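The values are calculated or read from the model by the stated rules, or taken from the named source; none is laboratory data. This one's a predicted model, so the numbers in the text were calculated from it and none came from an experiment. Cβ placement follows ideal geometry from the backbone for every residue including glycine, while neighbour counts extend to all protein chains displayed. Surface accessibility is based on the protein's heavy atoms, side chains included, excluding ligands, DNA and RNA. Shrake-Rupley method; radii C 1.70, N 1.55, O 1.52, S 1.80 Å.
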Amino acid sequence: ENGETYTENIYGDRARHDILDRKLNKCTEIEVESVIALRTDPLRIEFYLRNKNNGSRVQWSVPKSATLSLADAYVREAQRLDGVPPTVRDHATASDNSTGLYEE
């Protein structure tokens with residue numbers, strides 16, 4: 001954001017099909033998290049900010065072009081991985097196909 005460097009925690013919520021990003025301020029997560037959510041009926045990817053404590057959505061002034069570019073990247077990656085089975089399955093699910101990603 002505007003050339004700013006920051007640290008964040010990233011979480012995956014498999015049951016809800018969400019990826020959550022929470023910025024850190026002096027090693028403490030801030031109150032607002034960004035959400036990337038895969039939804040169905042109709043199939044879509046949602047990008048939004050919400051208050052992590054009460055779940056209410058927060059105004060986000062990100063350019064439309066930025067979210068469209070990210071959505072295109074997700075679609076390209078899904079197409080690339082389509083039909084390629086994961087190579088590792090255990091309590092911490094990982095896959096060579098999703099380099100560096102895991103979920104406990």
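Things worth noting here:
- Within region 6-15, considering residues that are out of contact with any Leu (no Cβ under 6 Å at 6 or more places or on another chain), part of a loop (DSSP other than H, G, I, E, B) and open to solvent by less than 100 Å² (accessible area, probe 1.4 Å), the one modelled with the highest pLDDT: Ala15
- Here region 16-37 is the region considered, the condition is being closer than 23 Å to Asp72 by Cα and open to solvent by 90 Å² or more (accessible area, probe 1.4 Å), and the residue that is farthest from the chain's Cα centre (by Cα) is Arg16.
- Gly3 satisfies every condition listed in (1) part of a helix (DSSP H, G or I); (2) open to solvent by 70 Å² or more (accessible area, probe 1.4 Å) except (1).
- Against the conditions (1) in contact with a strand residue (DSSP E or B) (Cβ under 7 Å, 6 or more places away or on another chain); (2) open to solvent by 80 Å² or more (accessible area, probe 1.4 Å); (3) within 22 Å of Ala73 (Cα to Cα), Asn53 satisfies every one except (3).
- Residue match in region 65-79 (condition: free of Cβ contacts under 8 Å to residues at least 60 places away in the same chain, part of a strand (DSSP E or B) and open to solvent by 90 Å² or more (accessible area, probe 1.4 Å)): no
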